[in-house]
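Have a look at the structure below, then the notes.
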Amino acid sequence: MATAGSYYELYRGSSIGMSLIDTLDEMVHTGRIEPQTAMKVMTSFDKAITEVLADKVKARMNFKGHLDTYRFCDEVWTFLIKDVNFKLDNQNNVTADKIKIVSCNAKKPGEQ
């Protein structure tokens, strides 16, 4: 997945990532940018969101739920959890019927 000089593409599935993809697709289809430019923007997005989340987000959260399914493939853990209760730093509680957690190696590309 992540090789030297590249980053995981996990955040492309987020709402901001999907919006960026939709916008770039429209710009490519209308001829406003080249497909190669759109790919460079997405690569920059992958790097920027990974670095900003790692450096700027300091909030903590605890959660409890029932582990439904888990797997480890290609150095990526995936957990499916049901009936989840999140407890945030500010003591707010949030619940969800089910969530999916994808966990990748935290080392930066090129590190051993």
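The values are calculated or read from the model by the stated rules, or taken from the named source; none is laboratory data. Computed from a predicted model, the values in this text were never measured in an experiment. For neighbour counting, all protein chains shown are included, and Cβ atoms are generated from backbone atoms with ideal geometry for every residue, glycine included.
Going residue by residue through the range 49-70, is there one that turns out to be outside any helix (DSSP H, G or I), more than 21 Å from the chain's Cα centre (by Cα) and of a type in the set (Val, Ile, Thr)?
no
Consider only pairs whose beta carbons are under 6 Å apart and that are at least six residues apart or on different chains; among these, list those whose first residue lies in the range 69-81 and is aromatic (Phe, Trp, Tyr) and whose second residue is loosely packed, with under 10 Cβ neighbours inside 10 Å.
Hits for this filter: zero, empty list.
Taking Ala59 as meeting all but one of (1) of a type in the set (A, V, I, L, M, F, W, C); (2) out of contact with any strand residue (DSSP E or B) (no Cβ under 6 Å at 6 or more places or on another chain); (3) surrounded by 10 or more Cβ atoms within 10 Å (Cβ to Cβ), write down the number of the exception.
Result: Ala59 fails condition (3) only.
Those residues that are among the hydroxyl-bearing types (Ser, Thr, Tyr) and within 16 Å of Tyr11 (Cβ to Cβ), I need them from the range 31-55; list them, please.
Once the filter is applied, which keeps residues that are among the hydroxyl-bearing types (Ser, Thr, Tyr) and within 16 Å of Tyr11 (Cβ to Cβ), the range 31-55 yields Thr43, Ser44, Thr50.
Given (1) surrounded by 11 or more Cβ atoms within 10 Å (Cβ to Cβ); (2) outside the structural domain of Thr95 (by TED's automatic domain parsing), identify the lone condition not met by Gly65.
That leaves (2) as the condition not met.
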